[in-house]
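The structure appears below as structure tokens.
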Amino acid sequence: MAVRHASGRPRRLPRMPTSLITGGAGFLGSHLCEELLRRGHRVICVDNLETGSLANIHHIRDSAFIHRNIDIIEPYFVDEPIDFVYHLASPASPIDYLRLPLATLKVGSYGTHHTLGLAKFHRARFLIASTSEVYGDPQVHPQPETYWGHVNPIGPRGVYDEAKRYAEALTMAYHRQQGVDTAIVRIFNTFGPRMRPHDGRAIPTFLRQALQDRPITVFGDGSQTRSFCYVEDEIRGLIALAESGYHNPVNIGNPDEFTLLELAQTVIEVTGSKSERGSRPIRNGSPGRPKPGGHPGRRYARNVEVRPTDSPRTKPFPLGRYFEIQIPL
């Protein structure tokens, strides 16, 4: 396998590359662990289980996989060669980062600093999982990577938004000053199995309510839009970016939009629920229309492009079955 170095020259990786994944026991991280193992990587999953869960990785029975319970807010070291570092660790749902505001800021600052240092020591390619939340409540639609955002740094979502914005700045500083081979992915709404029913995001909340025949809670008038990317597509995008030579931020998500009312109706239809739609006042700071736009490096980074194959209209059932198991009806 050839991967572009920071210099732009391809380098030859060993037959079994080693990837370290912070947040590897989380929703996205556990799927990334599985896919990298499938591709022949040795995988080191680093997760202190603050928001991740052993239930997401307990089924992995592979000698090439190891889980280490480490809090990356403190300095840490891994004493074996590493080729890729995927930095996914962070509370990511509103439920979590509102409950853990200081931990969210610390993992975005100290955790990113320590993990970049680890990547520097091992001369590994470093990819940070940033978020569409760096755009805040965008005034531009869709949002290209060149857009600087419209963020309230002291609002209820500020701890997450600013932690990720700082982490991006730190990543670019390590790249420019220290020569670390870095990549930044801005992840838009993603869905799939292993999302927690009570994590506060739209799809798991709507599915949980529908499977229990409870009213579907829509905030505001439901005209807000979201673009939902199935987790398998998101993971393919992350790996493609990690294996490219691109350093500037890249949006990865599904460009097709749903209004929340359309999503609620779709969930009711695919679950056969008797639920009706209810409404609540819109939450303070909630972004209106997050949607990934293109970036000026598209031609250079064509191998990063991943066209989504599934949306909530075509891929609701694995998630629905998961919730049927998790929720006593």
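No lab work stands behind these numbers, since they all come straight from the coordinates. Please read all numbers here as calculations on a predicted model, not as lab measurements. Cβ placement follows ideal geometry from the backbone for every residue including glycine, while neighbour counts extend to all protein chains displayed.
See the values below:
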| read-out | value |
| --- | --- |
| Sequence of D47, D83, D137 once ranked by neighbouring C-beta atoms within 10 Å, starting from the fewest | D137, D83, D47 |
| Under-5 Å amide H pairs with Y230, H placed in peptide plane, nonlocal only | F191, D310 |
| Under-5 Å amide H pairs with T131, H placed in peptide plane, nonlocal only | I187 |
| S53, S19, S63 arranged by Cβ crowding within 10 Å, fewest neighbours leading | S63, S53, S19 |
| Full-stretch length increase - D213, E276 - with 0.36 nm per residue and alpha-carbon distance subtracted | 21.9 nm |
| Hydrodynamic radius of region 47-164 per Kirkwood, over alpha carbon pairs, in Å | 15.9 |
| Three-way shape label, region 8-104, alpha-carbon gyration tensor, a/c 1.5 | prolate |
| Rough spin-label spacing in nm, given labels placed 7 Å along Cα→Cβ, for L54 and N69 | 0.7 |
| Binned Cα-Cα distance frequencies in region 84-232 - 10 Å width, integer % | 10, 35, 36, 15, 4, 0 |
| Ascending count of other beta-carbon atoms within 10 Å, so fewest first, for H87, H58, H41, H141 | H58, H141, H41, H87 |
